[in-house]
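Input: a single structure, listed below in structure tokens.
The values are calculated or read from the model by the stated rules, or taken from the named source; none is laboratory data. Quick caveat, the model's predicted, so the values are computed rather than measured. Neighbour counts are summed over all protein chains in view; Cβ atoms, including those assigned to glycine, are modelled from backbone coordinates with ideal geometry.
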Number of protein chains: 2
Amino acid sequence: MTYYVDAEEHPATDRQGVAQLPPWGETRVVGKPLSRVDAYERVTGSAVYTLDLTLPDMLHAAIVRCPHAHARVTRVDTSRAERMPGVRAVLTGASPGADIPWHIGRQGPTSRLFDTHCRYAGEEVAAVAAETPHQAWDATRAVAVEYEVLPFVVDVDAAVRPDAPQVHEGGNRLGAPRVSERGDVRAGFAQADVVVEGTYRTSCELHTTMETYVSVVRWDGSRLTVWDSTQGVFATRAGLARILDLPLSSVRVICPYMGGGFGSKFEVGKHTIIAALLARMTGQPVKAAVLREESFLSQGNRPANVIRLRAGAKRDGTLTALEGTFTGVVGAYPTGGTAPFQVEALYRCPNVRVEASDVYVNAGRGCAFRAPGFPPCNWALEQLMDELAGKLGMDPVDLRLKNLTTVLQSQGNMPFTSMGLGECLTRGAEAFGWRAARERPPAVGHVVRGVGMAAGMWGYQGEPRSTVILKLYADSSVNLNMGASDIGTGTKTVMAMVVAEELGVPLERIQIEHADTATTQYAPVSGGSQTVLVNAPAVRAAAADVKRQILEIAAAEMQCQVGDLVLADGKVARADGSGEARPVSALRGLQERDVLVGVGRRHPHPEGKIALPFAAQFAEVEVNTRTGEVRVVRLVAAHDSGRVMNLKTYENQVFGGMTMGVGFALMEQRVLDPQTGKMANANWHDYKIPTAMDVPLEQTCVPVDPHDTECNTTGAKGLGEPATIPTAAAIANAVHHAIGVRVTEAPITPMQVLQLLAARREGE
Amino acid sequence: MTYYVDAEEHPATDRQGVAQLPPWGETRVVGKPLSRVDAYERVTGSAVYTLDLTLPDMLHAAIVRCPHAHARVTRVDTSRAERMPGVRAVLTGASPGADIPWHIGRQGPTSRLFDTHCRYAGEEVAAVAAETPHQAWDATRAVAVEYEVLPFVVDVDAAVRPDAPQVHEGGNRLGAPRVSERGDVRAGFAQADVVVEGTYRTSCELHTTMETYVSVVRWDGSRLTVWDSTQGVFATRAGLARILDLPLSSVRVICPYMGGGFGSKFEVGKHTIIAALLARMTGQPVKAAVLREESFLSQGNRPANVIRLRAGAKRDGTLTALEGTFTGVVGAYPTGGTAPFQVEALYRCPNVRVEASDVYVNAGRGCAFRAPGFPPCNWALEQLMDELAGKLGMDPVDLRLKNLTTVLQSQGNMPFTSMGLGECLTRGAEAFGWRAARERPPAVGHVVRGVGMAAGMWGYQGEPRSTVILKLYADSSVNLNMGASDIGTGTKTVMAMVVAEELGVPLERIQIEHADTATTQYAPVSGGSQTVLVNAPAVRAAAADVKRQILEIAAAEMQCQVGDLVLADGKVARADGSGEARPVSALRGLQERDVLVGVGRRHPHPEGKIALPFAAQFAEVEVNTRTGEVRVVRLVAAHDSGRVMNLKTYENQVFGGMTMGVGFALMEQRVLDPQTGKMANANWHDYKIPTAMDVPLEQTCVPVDPHDTECNTTGAKGLGEPATIPTAAAIANAVHHAIGVRVTEAPITPMQVLQLLAARREGE
């Protein structure tokens, strides 16, 4: 079996010839639980994040934000602010070159960089550059803005009423619902022996990245250099070049270290443009750092969802119909929203209909957030499956095993390159001790335990393009040059391991240069669980290109054929073991060239097969029926993300993803004050995310490797997002198992639990 | 006619296939007098030189230097220095890891980083790192060093006496004289009708770079990043990796802007190693900036030369024999020295013998300095030729025209790829009005005018290797990635022009990343007048590689053959003019790839032909016979450096080189106090270099282009060094023409002129 994709016979010429790299046999480096190559820098604090960066003569920007949920700016008077100490520039929409159209999202309305129609509390109105951050903040308060305050709407049900205040002209619905249907749902339900349905609600969550949103901007003549906390330097470059009308070559975007993005750092931010304009006005570098509170208001979020679902099944558990209505609450601008994909694709079902629509309210906009739309959909689907299992009297694991599919039904039954959900379910259940735990007798007392599970899948295949350059130096040490950002997930480490695997060079002799548009080639944003599968094959192809050059040089010097030679441990030897092995660094041809340059690209699957990851997670919870508190006691995650590239970072991804799932299930929610339309908990005290005390000590990761030889030349399918998709539903199902109450609205707050328990008692 | 060298058919695979790039026809960009691409950064001060760089928590190094011309260090007590305010570390040879062997030069003795045998006043003894530069300097004075003071020698004639103090064990001569001979010199002189001879002396000159010697060093774990004011980041990397025993990939050397090197920044400096050790001791970044005074003492110089020359010629001017004895005064370590090349190679002569040797004295070491050894040799040879012309009654220009050669006689008569000296002589003489000026009647009064000329050549062909990557982005803007440093000569501008020429992309859409070992490939040091000829062909090859990819993509999309298409003004059109031209950025294939990557290398001439530049310069001087002052009134330089890449930077190179020649001729000399052995003028007040008032307003540059199609694919042969080689001799010859006195010892000080005039009067 050979791989079909990813390496070119003739890489630098880009003739798209697809070479065949054989799959790795037993690996020597890939898959091992290795520490990160930048661990030292990260733990000692020597790693310079954008937030840490200081340039000589650098000014600090601060942004004036609309304090009203909905208002029109009628006047901006900057005269007092301009006279404040240390202030070098005040920027408004009336400043030269600042009246910039602002497109958010692919469709929908355009606004301006500083729009006079402010659609949420926190929208940008003006900005200041001063010598110190505090001077800048002081000066923002001295900018006198007059507003015409408008009626607002922050509730999704209110927003769709005909008389609701309009966030944008034309009403609060983003066009007609998107309908997708296959088979005959009506007939499907008619065939069903059992039908279940429910309405599920999820909350708006904030990304709460460790490093907030920050850019440092410097102009050299008409050239712009931007250090940006971004998930993709090339995306920021493209945005800046478009907005500021510059050639791509004139914009350099750099991101050496990044403190978390989770989807909120895909696009160029307003603060970045503001910094660029202020730097141009003042002739000095400008840092624009968005404060934590501002980040809660304006930097995106995971949209709340309202999901109605209905499922029909035969008595043996075979699904006959699935039907859903999805509503996403996108906030003031049309990004983010809802994603019914799993209803259409996770289980084999001939008759499916989903209807999805999104609604504006006067609040900060949604955007991509770790598996955009998937955790809400999973919250609904996997609780409904749990209901269905209960109604059928089936074990929830068995119900899912009954309905597996190896093709993507929503795309003409295109086959998956591999599908390991069945193995995730069985191996996960085994590792969890599912059968025994499920049948454990009910607890006595007010603290009761329960177990639940959920399956999930991720459904994104992003742009496949990445071009990597690998350089082998005269002493056989290596430099890997790639565009991808390491957004904290260990990308650099995995890529170094790919090089080490292919070339037999130890990790400490591999240096990585990355995430700099001026010195690397191209990589898509690090996101969508695509970073490894887009870049690792390109890295492997580049390494293979260098390896070929080494062997060609060695064959000439050792007077034999390339095919007679093998490269291992930094030496070239005859495959038959004859003669002496020659160190790569001893090859004259390498010394003469000083450097060998390999170019690698990644190509998509030639037949269009679909490579997607799958997961099954299992949770055990303790519910305190007196206080309503839910404590997650134990989590097991079985993942088919293809090959494990680094067992340590793999496990960390899974544990981190589940931690985020715990937050989704139990605590995270943006609270909008219905009186004012403002966010009531825009800080880390009131907006709760899980801490070490909130996640179970006992977390187990069960990697399932289907040995996918078709997805790409590394066999990896992506892990970042699947890790967080099924967690919350598994917890909700465990709560149901514990106390018999189904909490359909996330998060499962103590108040909700107590109210539902009280309601059930009343109903009894 | 096609070029033989420089482009590979298959660049990334490095199969050494040599493609043939046709010579440029009429150029549209190359050759034009364009301003530098980094002019804005340079004139506004936004360009960050290493000396400008500040890192957070950066410490400052200062070096304790030996105050004696010759001494042995018997004790170093750092205890008081360690307690000084702000001091973080004191480094001596006894510090862990600091007892490092120090090789200076290719052969000869080894010393240590901190050698207990100090061989000149200024040698490194210890170093301090402190929070501020002033604290560091204060602390150096608190390092108590005990010396055993030794007898010293600073005079070259004294140094070779048997009883002289020995700078190194084994005597002050660096081995046996290097003798080179062809033909039969004795027979040659026997055939001569006229014989002339003379002894010429030149002074030790200092490089006086605008930016002194400075490194900023940061460790991240075992990875070292060094910002260094260097002429070659890869050379500094190699030195650091060797000395500190690190893989090449673990050493990153960066030099974004450089304030002059002139040969003194080829190798890794002691201050750089010291900074690296101090940074490792303290865990903080360290800047080591060598002060101006220290730079005069310890950073190298142009060695003084003593040259005896003898020439014989037929009555018609045909040279029959040349004989010379060259002595270079290298200082305390064996770098620099003397170079008789021009005696062997500038003129056709069948019988030549040269003997060269170098001598140690107790003074700062020599090193490469703009055309190492050539200006002293030229000073002697071209004054002797002037003498010979006088004795033959020939015009000096005619004498030189009589003795031209098109082959390198000292290397088996290997042909030059081109030889434009004849044209330099005739066109230079014409531009200068030589014949008329030469025959102008003698001046009346005490200020007398004279004209003189000299020819010259440069004789270095360095390592030909350079690997360049060129990236074309989706909007058809370009990024050029090359290892070469732009040491102030305009390298970036010329390389951008090559890209613009080849791809039809305007300069403002080309961004350059350079001189960073982590993000570029490989380039030799920028020096030896090789920067353009080594790198420009690699750049052209990379651009041609990108162009080929563009045309291949376009041919597929426009349904025609690659050969049917031409690329001009950023558009692809059919060569026959049919159909519509398509902008490169509109090619779908480019959009799909996001970036096209071209790789270019430079290869040496396959037949080993020699590509060297030639020059003839003409000077007019005014000599004040009462004060002895010499004023250069007018300079004309005619240069065959092959193709003019940028007329503006070309002229600037010539004017700058001649200015340095004025300094050599009239003012520059290190003065060593015979009482103490210390340098008496280690500052810019006492060590004179030409200022605007010392160079003539009237300087003319006459580029001579022999349309060399063999030297490389650009036709350029190198200009940096030839520009300074003949200037001083032309001035000395003009002085002789003015006052009839031959000043054989550079510089021509007023005191010398008056003494020689007085001696002549006495002799009359």
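Taking the criterion of being at positive phi and more than 35 Å from the chain's Cα centre (by Cα), the only residue of region A:77-126 that qualifies is A:86.
Of the residues making up region A:75-93, those that are part of a loop (DSSP other than H, G, I, E, B) and not hydroxyl-bearing (Ser, Thr, Tyr) are A:83, A:84, A:85, A:86, A:93.
Regarding region B:189-196, can at least one residue be identified that is out of contact with any Lys or Arg (no Cβ under 8 Å at 6 or more places or on another chain) and either touching a residue at least 12 places away in the same chain (Cβ under 8 Å) or within 14 Å of chain A (Cβ to nearest Cβ) (or both)?
Of all residues in region B:189-196, those out of contact with any Lys or Arg (no Cβ under 8 Å at 6 or more places or on another chain) come to B:190.
With either touching a residue at least 12 places away in the same chain (Cβ under 8 Å) or within 14 Å of chain A (Cβ to nearest Cβ) (or both) added as a condition, the list becomes none.
So far as region B:189-196 goes, no, none of its residues is out of contact with any Lys or Arg (no Cβ under 8 Å at 6 or more places or on another chain) and either touching a residue at least 12 places away in the same chain (Cβ under 8 Å) or within 14 Å of chain A (Cβ to nearest Cβ) (or both).
Could you tell me whether residue B:567 is modelled with pLDDT under 95 and part of a helix (DSSP H, G or I)?
Working: modelled with pLDDT under 95: yes; part of a helix (DSSP H, G or I): no.
Against the criterion (modelled with pLDDT under 95 and part of a helix (DSSP H, G or I)), residue B:567 does not qualify.
Looking for something of a type in the set (S, T, N, Q) and either touching a helix residue (DSSP H, G or I) at 6+ places or on another chain (Cβ under 6 Å) or buried (at least 16 other Cβ atoms within 10 Å of the Cβ) (or both) - is there at least one such residue anywhere in region A:128-143?
Going residue by residue through region A:128-143, those that are of a type in the set (S, T, N, Q) are A:132, A:135, A:140.
If we keep only those that are either touching a helix residue (DSSP H, G or I) at 6+ places or on another chain (Cβ under 6 Å) or buried (at least 16 other Cβ atoms within 10 Å of the Cβ) (or both) as well, we get A:135, A:140.
The answer is yes; a qualifying residue exists.
Per the conditions (1) closer than 30 Å to residue A:478 by Cβ; (2) free of Cβ contacts under 8 Å to residues at least 24 places away in the same chain; (3) more than 13 Å from chain A (Cβ to nearest Cβ), the sole criterion not satisfied by residue B:592 is (3).
Restricting to region A:161-175, count the residues that are surrounded by 15 or more Cβ atoms within 10 Å (Cβ to Cβ) and either of a type in the set (Asp, Glu) or farther than 22 Å from residue A:68 by Cβ (or both). Please lay out each step first, then the result.
Step one: filter region A:161-175 for residues surrounded by 15 or more Cβ atoms within 10 Å (Cβ to Cβ), giving A:164-168, A:171-172, A:174.
Checking which are either of a type in the set (Asp, Glu) or farther than 22 Å from residue A:68 by Cβ (or both) leaves us with A:174.
Count: 1.
Just to be sure, is residue A:26 surrounded by fewer than 19 Cβ atoms within 10 Å (Cβ to Cβ), in a helix (DSSP H, G or I), modelled with pLDDT under 95 and not hydrophobic (A, V, I, L, M, F, W, C)? No; evaluated as a whole, the condition is false for this residue. Assess whether residue A:491 counts as being free of Cβ contacts under 8 Å to residues at least 60 places away in the same chain, within 20 Å of residue B:468 (Cα to Cα) and either hydroxyl-bearing (Ser, Thr, Tyr) or more than 13 Å from chain B (Cβ to nearest Cβ) (or both). So residue A:491 does not fit the description; no.
Check A:393, A:373 and return the single one that is small (Gly, Ala, Ser) and more than 18 Å from the chain's Cα centre (by Cα). Break it down stepwise before answering.
Details: A:373 fails: more than 18 Å from the chain's Cα centre (by Cα).
Within the list A:393, A:373, the selection yields A:393.
Here is a yes/no grid of residues against (1) more than 30 Å from residue B:603 (Cβ to Cβ); (2) touching a residue at least 12 places away in the same chain (Cβ under 8 Å); (3) aromatic (Phe, Trp, Tyr):
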site	(1), (2), (3)
A:599	no, yes, no
A:607	yes, yes, no
A:614	yes, yes, yes
A:618	yes, yes, yes
A:621	yes, yes, no
A:630	yes, yes, no
A:634	yes, yes, no
A:645	yes, yes, no
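Where strands (runs of 3 or more DSSP E) fall wholly inside region B:176-260, the ranges with 2 or more residues that are surrounded by 21 or more Cβ atoms within 10 Å (Cβ to Cβ) are B:194-202, B:214-220, B:223-228, B:251-254.
Among all residues of region A:538-551, there is none that is surrounded by fewer than 23 Cβ atoms within 10 Å (Cβ to Cβ), under 27 Å from the mean Cα position of the chain (by Cα), within 14 Å of chain B (Cβ to nearest Cβ) and touching a residue at least 60 places away in the same chain (Cβ under 8 Å). With respect to residue A:143, determine if the residue is at pLDDT 95 or above and touching a Gly at 6+ places or on another chain (Cβ under 7 Å). For residue A:143, the condition - at pLDDT 95 or above and touching a Gly at 6+ places or on another chain (Cβ under 7 Å) - is not met.
Under the condition of being among the aliphatic types (A, V, I, L, M) and closer than 13 Å to residue B:637 by Cβ, the residues counted in region B:422-445 number 3.
Of all the numbered requirements in (1) assigned to a helix (DSSP H, G or I); (2) surrounded by fewer than 24 Cβ atoms within 10 Å (Cβ to Cβ); (3) within 29 Å of the chain's Cα centre (by Cα), residue A:699 misses one, and that requirement is (1).
Candidates B:286, B:268, B:329: the one that is within 19 Å of residue B:119 (Cα to Cα) and either modelled with pLDDT under 95 or surrounded by 24 or more Cβ atoms within 10 Å (Cβ to Cβ) (or both) is B:329.
Can you tell me which residue among B:445, B:456 is touching a helix residue (DSSP H, G or I) at 6+ places or on another chain (Cβ under 6 Å) and of a type outside the set (A, V, I, L, M)? Spell out how you get there, then give the answer.
Details: B:445 fails: touching a helix residue (DSSP H, G or I) at 6+ places or on another chain (Cβ under 6 Å).
Exactly one residue qualifies, and that residue is B:456.
Of all residues in region B:674-692, exactly one satisfies the criterion of being at pLDDT below 95 and outside any loop (DSSP other than H, G, I, E, B), namely B:692. Among the residues of region A:464-478, those identified as within 7 Å of chain B (Cβ to nearest Cβ) and within 30 Å of residue A:212 (Cα to Cα) are A:465, A:467.
The rows are residues; the columns are (1) among the β-branched types (Val, Ile, Thr); (2) surrounded by fewer than 24 Cβ atoms within 10 Å (Cβ to Cβ); (3) out of contact with any strand residue (DSSP E or B) (no Cβ under 7 Å at 6 or more places or on another chain).
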residue: B:428; (1), (2), (3): no, no, no
residue: B:432; (1), (2), (3): no, no, no
residue: B:439; (1), (2), (3): no, yes, yes
residue: B:447; (1), (2), (3): yes, yes, no
residue: B:450; (1), (2), (3): no, no, no
residue: B:456; (1), (2), (3): no, no, no
residue: B:467; (1), (2), (3): yes, no, no
residue: B:470; (1), (2), (3): no, no, no
residue: B:475; (1), (2), (3): no, yes, yes
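What number of residues within region B:694-725 satisfy the criterion of being in contact with a Cys (Cβ under 7 Å, 6 or more places away or on another chain) and either of a type in the set (D, E, K, R) or modelled with pLDDT under 95 (or both)? If you could, list the steps in order and put the result at the bottom.
Of region B:694-725, the ones in contact with a Cys (Cβ under 7 Å, 6 or more places away or on another chain) are B:704, B:717.
Among the residues that remain, those that are also either of a type in the set (D, E, K, R) or modelled with pLDDT under 95 (or both) are: B:717.
The number of residues fulfilling the criteria is 1.
Taken as a whole, the structure places residue A:436 among residues that are in the same structural domain as residue A:638 (by TED's automatic domain parsing), of a type in the set (Gly, Ala, Ser) and in a helix (DSSP H, G or I). When you check residue A:497 against the structure, is it surrounded by 24 or more Cβ atoms within 10 Å (Cβ to Cβ) and either more than 28 Å from residue B:482 (Cβ to Cβ) or facing chain B (nearest Cβ under 9 Å) (or both), yes or no? For residue A:497, the condition - surrounded by 24 or more Cβ atoms within 10 Å (Cβ to Cβ) and either more than 28 Å from residue B:482 (Cβ to Cβ) or facing chain B (nearest Cβ under 9 Å) (or both) - is met. A search for C-beta distances below 7 Å between a residue of region B:517-536 that is facing another protein chain (nearest Cβ under 9 Å) and touching a residue at least 12 places away in the same chain (Cβ under 8 Å) and any residue that is of a type in the set (Val, Ile, Thr) and part of a loop (DSSP other than H, G, I, E, B), counting only pairs 6+ apart in sequence or on different chains, returns B:519/A:519.
Of everything in region B:552-569 that is surrounded by fewer than 20 Cβ atoms within 10 Å (Cβ to Cβ) and within 14 Å of chain A (Cβ to nearest Cβ), the residue that is farthest from residue B:595 (Cα to Cα) is B:562.
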